[in-house]
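Each remark here refers to the structure printed beneath this line.
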Amino acid sequence: MKEQKVLSVSAIENGTVIDHIPAMNLFKVISILNLDTITKNRMTFGTNFRSQQLGQKAIIKISGKFFEDIEIDKIALVAPNAKLNIIKDYEVVEKRAVNVPDKIIAIAKCMNPKCITNHQQVTTRFTVINDNKKVNLKCNYCEKITDQEHLEIVK
Amino acid sequence: MKNRSLISIDDYTREEYLEVLEVAAEFEKKPVQDILKGMVVATLFFEPSTRTRLSFESAVNRLGGKIIGFTDAASSSTTKGESLKDTILTVSNYSDLIIMRHPLEGSARYASEVATVPVINAGDGANQHPTQCMLDLYSIQKTQGTLDNLTVSMVGDLKYGRTVHSLIMAMSHFNPTFKFISPDELKMPDEYKLFLDSKGIKYEEHIELGENISDSDIVYMTRVQRERFADPLEYEKVKNVYILNKEMLVGTKENMKILHPLPRVNEINEDVDDNSKAYYFPQALNGVFTRQAIIAKILGLK
């Protein structure tokens, strides 16, 4: 029985482990990082793990993939406390936190139904407004705020 | 300002507001100036707005420019399914400046990114209408002799009224004191109050119109619209609370002026119209001078 517990999330030789993702946002993170289109890397998704910090958390393990900062910072919108563990030769060689970027382009959907971006083929652009640790997005077009609770990912 | 679009009132700095107002005053002295000769201005009105369109067209005509365009989406190729991008790219080829009104919010910013000529936003849904705000500033400066240190009362629909929101942003450069007078349902949204707090600008909130205008330099009236209320009963309760009449002007300051973006329905009684404090019709005339100034500035002619 003990062995099974260990096997539930297996170790990787080289790659990235993204930890401390809020369980409810796992699929948003997958979508933002385009993991659903990757065909060659082995990936493990785990969710609904107990977490003191988040209540329930999710974990992503990806073999043979290392992210650029600019790429990974995009997930700050939905997983601001996420931690990256860079694994080489089964060892954690680096730990990284995500930073909330100043601009969000082509990721989020504006929550204003009357915004031009929801009616015509316009790339969404937001300026990030950090307010009491919450990430709110101000649409560069309609100037309305999309808050974290209403955040949807464009796909 | 040359070749720069005007989409949102925050696109201009304090100095730029003052520059535009200075040029507007020149046009008030000499409204007919042939500086736009040989130029073509496109007025694209994807939703009808007679007042704004006529004001812009009057401004262009007095500058000697020619106008092309349409007055509502039904007479444009939008009905054939053309995207805004394609319309703007096409019209950019035919004109030196685009003046656009569109029902979707953010459409003007998008148009300015796509266009190869400058764009003036003549209203994008409930979002921005910067030339209205500029003419409000001009009217305030003209009647008060300054924009600095004034007490401005805003009355009516402060929740959805884009003109009052823009005016707050613009006036914030001039150390104003605001009095917000509205029913609870239509109070000034928190984001604007937080903005004022961050700038250290004083404001009060009131429910009663009555004596809260006695120390005001400007009383800015807006319409309380029935369709803003989820509960019709709530509308019935407040609809007659914010009607300004002649008696209410007793005891107000000598220099006080009443502004209104128009159209008015019943929120200013007609008995106010003959009072020297009523300024909403001259305010509309100021719109032509202000728009002349903005057009001239953007085209680099002033």
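Every number here is computed from the coordinates shown, using simple stated rules; none is lab data. Please read all numbers here as calculations on a predicted model, not as lab measurements. Here Cβ is always computed from backbone atoms with ideal geometry, including for glycine, and neighbour counts include all displayed protein chains.
A compact table of results
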{"read-out": "Modelled FRET efficiency - R0 22 Å, B:HIS206 with A:ASP147, Cβ distances, 0.05 increments", "value": "0.15"}
{"read-out": "Computed over region A:35-155: relative contact order in percent, which uses C-alpha pairs under 8 Å that are six or more apart", "value": "16"}
{"read-out": "Rounded if a/c under 1.5, otherwise prolate or oblate - chain B, Cα gyration tensor axes", "value": "prolate"}
{"read-out": "Cα centroid of region B:54-78 to Cα centroid of region B:178-249, whole Å", "value": "35"}
{"read-out": "Size of charge dipole - region B:131-284 - debye, nearest 20, with Cβ of Lys, Arg +1 and Asp, Glu -1, no other charges", "value": "420"}
{"read-out": "Label-to-label distance, nm, for residues given as B:ASP86 and A:VAL93 (7 Å Cα→Cβ offset)", "value": "5.2"}
{"read-out": "When the convex hull of its Cα atoms is projected in every direction, mean area for region B:32-128 (nm²)", "value": "5.7"}
{"read-out": "Karplus-derived 3J(HN,Hα), 6.51/-1.76/1.60, for each residue of region A:12-28, Hz, glycine and proline x", "value": "10, 7, 9, x, 10, 10, 9, 10, 6, 8, x, 3, 5, 9, 3, 6, 5"}
{"read-out": "Rg [Å, one decimal], Dmax [Å, integer] - chain A, C-alpha atoms", "value": "16.8, 56"}
{"read-out": "B:THR13 paired with B:GLU254, simple spin-label distance in nm, labels 7 Å along Cα-to-beta-carbon", "value": "3.7"}
{"read-out": "Net charge over other residues, Cβ less than 11 angstrom from the Cβ of B:VAL265 (K, R count +1; D, E count -1)", "value": "+3"}
{"read-out": "Relative intensity, log₁₀ I(q)/I(0), of region A:103-153 from a Debye sum that treats every alpha carbon as a point, q = 0.26 Å⁻¹", "value": "-0.96"}
{"read-out": "Normalised per residue, the volume of the convex hull around the Cα set of the protein assembly as shown (Å³)", "value": "188"}
{"read-out": "Pair B:ARG4, B:GLU22: separation of 7 Å Cα→Cβ label points (nm)", "value": "1.5"}
{"read-out": "For chain B: relative contact order, % (alpha-carbon pairs under 8 angstrom, 6 or more apart)", "value": "21"}
{"read-out": "Gap separating the Cα centres of region B:257-289 and region A:41-89, nearest whole Å", "value": "60"}
{"read-out": "Calculated FRET efficiency for the pair B:TYR160/A:ASN34, C-beta based, R₀ 51 Å, to 0.05", "value": "0.85"}
{"read-out": "Cβ-Cβ FRET estimate between B:ASN61 and B:ASN175, R0 fixed at 30 Å, reported to 0.05", "value": "0.20"}
